[in-house]
Amino acid sequence: MPVSSSSAVERIARVIAGRILSINADGDDPSAGDRVDAAWRDHRDDALSVLRTLREPDSAMAAAGDVDVWERMVEAALAGAEQSA
């Protein structure tokens, strides 16, 4: 599996910014890449909230893999975000 070079928080925040700005979602910009680059940090708290919610896997997620590993991975993403804040 590929490993991302950007943090989970940044990737989630970029998705949120993209949904707001891009015409492909709820926005009006047909080429929102530069605006997303400039705005994603404004959505960092939203991204952290998403990650905090994902600490507990749902039943389908738990059935697919190791719940303890999942929790450690999400906690690591949150800890990394706090260190880079």
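Relative contact order for the chain using alpha-carbon pairs under 8 Å, separation at least 6, rounded to a whole percent?
It comes to 28 percent, rounded to a whole number.
Viscosity 1.002 mPa s, temperature 20 °C: Stokes-Einstein D of segment 1-47 from its Kirkwood Cα radius, in µm² per second?
D = 200 µm²/s.
Here are labelled values, (1) 18.0; (2) 12.2; (3) 14.0, and one is the computed Kirkwood radius over Cα pairs in Å for what I pasted. Which one?
Among (1) 18.0; (2) 12.2; (3) 14.0, the one derived from this structure is (3).
Report the residue, chosen from Gly27, Gly18, Gly65, that carries the largest GNM mean-square fluctuation when the chain is represented by alpha-carbon nodes joined by springs under 10 Å.
Residue with maximal mean-square fluctuation among Gly27, Gly18, Gly65: Gly65.
Anyone know which of Ser31, Ser49, Ser59 comes out most mobile in the 10 Å Cα GNM of the chain?
In this elastic network of the chain, the residue with the biggest mean-square fluctuation among Ser31, Ser49, Ser59 is Ser59.
Each reported figure results from applying straightforward, stated rules to the coordinates on display, with no laboratory input. Just so we're clear, the structure is a prediction, and the values are computed from it rather than from any experiment.
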